[in-house]
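The values are calculated or read from the model by the stated rules, or taken from the named source; none is laboratory data. If you're wondering where the values come from, they're calculated on a predicted model, not measured in any experiment. Positions of Cβ are generated from backbone atoms using ideal geometry, with glycine treated the same way; all protein chains shown enter the neighbour counts. When the accessible area is computed, the model is the full protein with side chains, heavy atoms only, and any ligands, DNA or RNA have been set aside. Shrake-Rupley method; radii C 1.70, N 1.55, O 1.52, S 1.80 Å.
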Amino acid sequence: MRSGSERAAPLLRFSGGGRSAVDVSQAVMLGEIVSPGNRRKDVIDRPREYAAAGVPFFLRVDLRNRVPALALYELAEGEYRPLAAAAAGATFVMRQPFEFSVDPADLLDEEAPAEEVGRGGVRLPAGAQEGWGRMGG
């Protein structure tokens, strides 16, 4: 990545395994997944950098407290203004720069199999039987 006002967008992987850096000013939309350790950078600093570079749309993904939320912003008069937003349980819908919709809850991998308790308090995957994996069990 370049420093200062010449910051490049993250490297993009193209088919064939090659990598190429794209200058941030060429992007139509950039997004950030807010991380707890870099919250200020992800919420304040990067959007300012992208706005200064003239990136028309900015998408924020926030997974704070395991309640995912999406927010889309559009660049207007040099700063981002809210365009669409939704949290888990609602549908996030955006029409620009392309059409896309999703329930932010779908961003979490919450479909872990339930567990059953076997003899001696041993936790088994749902549907498993004690002795499974043993011959003649």
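Among all positions in the range 49-68, there is no residue which is open to solvent by 40 Å² or more (accessible area, probe 1.4 Å) and in contact (Cβ under 8 Å) with a residue 60 or more places away in the chain. Here is the figure for the range 87-110: residues that are in a strand (DSSP E or B), touching a Pro at 6+ places or on another chain (Cβ under 9 Å) and open to solvent by 90 Å² or more (accessible area, probe 1.4 Å) total 0.
Here Ala84 fits the description: in a strand (DSSP E or B), modelled with pLDDT of 90 or more and within 21 Å of Ala105 (Cβ to Cβ). In this structure, is Glu32 in a strand (DSSP E or B), closer than 24 Å to Glu99 by Cβ and open to solvent by 40 Å² or more (accessible area, probe 1.4 Å)? In short, no. Beta carbons closer than 7 Å, at least 6 apart along the sequence or on distinct chains, pair a first residue in the range 79-91 that is at positive phi with a second that is surrounded by 15 or more Cβ atoms within 10 Å (Cβ to Cβ) and not in a strand (DSSP E or B) for Gly89/Asp103; Gly89/Ala105.
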